[in-house]
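The values are calculated or read from the model by the stated rules, or taken from the named source; none is laboratory data. As the structure is a computational prediction, the values presented were derived from the model and not from experiment. Every residue, glycine among them, receives a Cβ derived from its backbone with ideal geometry; neighbour counts consider all protein chains shown.
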Amino acid sequence: MSAEDKQVMARTGVPGLDDILSGGLSKGHVFLLEGSPGTGKTTIALRFLLAGGEDGDKGLYITLSETERELRESAASHGWTIGESVEVFELVPPEVALDSDREQSLLYSSDLELGEATRTIFEAFERVRPARVVLDSLSEIRLLAQSSLRYRRQILSLKHYFAQQGATVLLLDDLTSESMDKTVHSVAHGVIKLEELAPAYGAERRRLRVMKYRGRAFRGGYHDFTIRNGGVSVFPRLVAAEHRTGFTRTRMTSDIAELDALLGGGIEQGSSTLILGPAGTGKSTFTFQFISAAIARGEKAAMFIFDEELGLLFDRTKAMGFDFQAMQKEGLLHIEQVDAAELSPGEFAHRVRQRVDEGGMKTVLIDSLNGYQASMPEENALVLHIHELLQYLNRRGATTFLTVAQHGLVGDMKAPVDITYLADTVILLRYFEALGTVRRAVSVIKKRAGFHEDTIREYRIAENGLTLGQPIRGFQGVLRGVPTLIEQANAGVANTTTD
């Protein structure tokens with residue numbers, strides 16, 4: 001944030017949220033933060049006031065629903081301490097609310113109580129003279145007002161008072177009212193809505209959207225966020241067009257001559273490669289070959305594994321000559337096992353960006369998109385997520401490998417999600433039966449960046465890794481899984497594979 005922005009913007013202190021808001025909240029205005037209970041309103045509000053304290057702003061938290069003790073305990077759960085820069089003011093002391101001799105209290109609405117509540121808020125402000133204010137929550141004010149007209153007048157009264165004082169105000173609304181009153185939406189300078197989604201399986205998903213922000217550009221759409229120890233973290237929706245960088249395109253080889261020949265010399269840097277095939281054909285093994293070759297050249301790589309336990313992965317790949325555990329210890333490889341049930345697509349994209357932007361990783365593997373799909377069953381939105389992620393990686397000069405397991409073993413097969421049109425290179429793996437033996441074949445069916453062989457090569461996966469043979473001749477229908485011998489002279493296919 002520039003020095004000029006710091007003078008006119010009040011940062012929220014929430015990672016990612018200030019980016020969405022183009023710096024934070026405009027000083028001297030009233031903002032609405034709404035969401036059902038448990039979506040993180042109080043946590044964001046506390047962080048807003050604590051961030052103000054870090055910037056030299058006095059803060060006032062006016063609570064009508066929670067006690068000061070509850071707020072301090074909530075802050076402590078995130079490792080925060082509410083110090084002298086933030087004052088907590090309970091509008092109704094607990095002993096008054098529980099006094100059976102008082103028939104009039106904030107629990108029983110009346111004109112007198114609404115006026116008293118407003119006067120008490122103003123008195124607390126005059127005493128503290130804060131630059132930032134949080135009012136929690138509007139539900140109690142709405143109950144006191146009883147009607148939409150009185151409620152609107154009360155909100156306007158609060159807005160004009162705080163505007164005259166130059167304070168930045170955050171109003172919290174837990175949306176517990178039966179009527180969806182949009183009064184504050186029209187009055188507030190900006191509106192942020194928090195939502196919580198409950199998938200059929202896995203952890204809850206939270207997202208937010210800036211519904212309104214007068215006079216300020218902001219990042220629209222939904223943005224995933226999490227609440228963990230340490231507070232709220234927001235993951236701004238990825239816009240690939242904002243991340244274009246200049247780089248010199250080079251060709252990435254696999255260190256297997258036959259595979260590189262099939263690919264017309266290798267894979268271009270800053271492109272995406274999709275490897276399709278049924279289960280067990282060795283899709284991951286092909287990507288491991290490129291990862292290992294990149295690291296051998298002195299580059300860094302990142303692997304995001306959805307489908308396999310890392311201990312098993314380390315053991316089986318080491319037997320094939322890929323010592324990924326040693327590469328990880330040397331800092332050349334970042335390998336992460338992703339739990340699709342616990343991770344939102346927005347957070348996953350954020351983790352990938354961290355590896356590329358901060359870790360300098362130029363080769364990225366996502367294994368597999370089947371697991372990624374499990375984290376987000378809405379297929380149309382999934383394709384959009386993948387599109388932006390691939391475009392971002394391409395523009396950052398990173399080479400991306402993705403795998404997709406197709407349904408079936410031989411014959412007609414379908415993929416759970418079709419992104420072949422998004423990938424720059426598509427490699428197809430197939431089982432086929434010939435002369436009583438199950439074999440494997442590989443072919444490149446698409447490559448945007450130049451020439452590639454239009455042949456089909458047989459390959460084997462053994463203890464010494466991946467080997468490819470010469471192009472298969474004399475058979476037709478290999479990719480369908482049941483080839484037909486068309487040249488008696490080539491009755492055997494053993495000579496098509498390098499042993």
When the residues of the range 179-194 are filtered to those that are at pLDDT below 95 and not hydroxyl-bearing (Ser, Thr, Tyr), which remaining residue is surrounded by the fewest Cβ atoms within 10 Å (Cβ to Cβ)? Met180
Are any of the residues in the range 190-201 touching a helix residue (DSSP H, G or I) at 6+ places or on another chain (Cβ under 6 Å) and more than 22 Å from Gly38 (Cβ to Cβ)? no
Those residues that are touching a strand residue (DSSP E or B) at 6+ places or on another chain (Cβ under 9 Å), free of Cβ contacts under 8 Å to residues at least 24 places away in the same chain and outside any loop (DSSP other than H, G, I, E, B), I need them from the range 187-234; list them, please. Leu197, Arg209
For the range 293-313, which positions are under 27 Å from the mean Cα position of the chain (by Cα) and of a type outside the set (A, V, I, L, M, F, W, C)? Glu299, Lys300, Asp307, Glu308, Glu309, Gly311
Determine the pairs where a residue that is under 10 Å from Glu87 (Cβ atoms), located within the range 119-139, has a partner that is in a strand (DSSP E or B) with Cβ atoms under 6 Å apart, the partner being 6 or more residues away or on another chain. Ala124/Phe89; Val128/Leu60; Val128/Glu87; Pro130/Gly59; Pro130/Leu60
Which ones in the range 37-86 are among the aliphatic types (A, V, I, L, M) and in contact with a strand residue (DSSP E or B) (Cβ under 6 Å, 6 or more places away or on another chain)? Ile44, Ala45, Leu49, Leu60, Ile62, Leu71, Val86
Residues that are farther than 30 Å from Arg351 by Cα, assigned by TED's automatic domain parsing to the domain that holds Ile227, surrounded by 16 or more Cβ atoms within 10 Å (Cβ to Cβ) and within 29 Å of the chain's Cα centre (by Cα): does the range 71-80 have at least one? yes
Kindly provide the set of residues from the range 314-339 that are outside any strand (DSSP E or B), under 26 Å from the mean Cα position of the chain (by Cα) and farther than 12 Å from Ile291 by Cβ, ordered by number. Gly331, Val338, Asp339
When Glu342 is evaluated against the numbered criteria (1) of a type in the set (Asp, Glu); (2) in contact (Cβ under 8 Å) with a residue 60 or more places away in the chain; (3) within 17 Å of Thr400 (Cβ to Cβ), which criterion, by number, is the only one it fails? (3)
Going residue by residue through the range 134-149, is there one that turns out to be modelled with pLDDT of 95 or more and not hydrophobic (A, V, I, L, M, F, W, C)? no
Where residues in the range 196-222 are surrounded by fewer than 15 Cβ atoms within 10 Å (Cβ to Cβ) and among the small types (Gly, Ala, Ser), which of them is farthest from the chain's Cα centre (by Cα)? Gly215
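Let's see how each residue does on (1) of a type in the set (Gly, Ala, Ser); (2) surrounded by 22 or more Cβ atoms within 10 Å (Cβ to Cβ):
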{"residue": "Phe324", "(1), (2)": "no, no"}
{"residue": "Leu332", "(1), (2)": "no, no"}
{"residue": "Arg351", "(1), (2)": "no, no"}
{"residue": "Gly360", "(1), (2)": "yes, no"}
{"residue": "Asp367", "(1), (2)": "no, yes"}
{"residue": "His387", "(1), (2)": "no, no"}
I'd like to check which helices (runs of 4 or more DSSP H) are fully inside the range 1-80 and have at least 2 residues that are in contact with a Lys or Arg (Cβ under 9 Å, 6 or more places away or on another chain). 3-8, 17-20, 41-54
Cβ-Cβ below 9 Å, separation at least six or inter-chain, first residue in the range 45-56 and at positive phi and in the same structural domain as Leu135 (by TED's automatic domain parsing), second small (Gly, Ala, Ser) and surrounded by 24 or more Cβ atoms within 10 Å (Cβ to Cβ): which pairs? none
Among the residues of the range 163-178 satisfying the criterion of being under 30 Å from the mean Cα position of the chain (by Cα), surrounded by 15 or more Cβ atoms within 10 Å (Cβ to Cβ) and outside any strand (DSSP E or B), which is modelled with the lowest pLDDT? Leu175
Condition check: basic (Lys, Arg) and either buried (at least 22 other Cβ atoms within 10 Å of the Cβ) or closer than 21 Å to Gly450 by Cβ (or both). Does Arg297 satisfy that? yes
Take the range 264-307 and flag every residue that is part of a helix (DSSP H, G or I) and either of a type outside the set (Gly, Ala, Ser) or touching a Ser or Thr at 6+ places or on another chain (Cβ under 7 Å) (or both). Lys283, Ser284, Thr285, Phe286, Thr287, Phe288, Gln289, Phe290, Ile291, Ala293, Ala294, Ile295
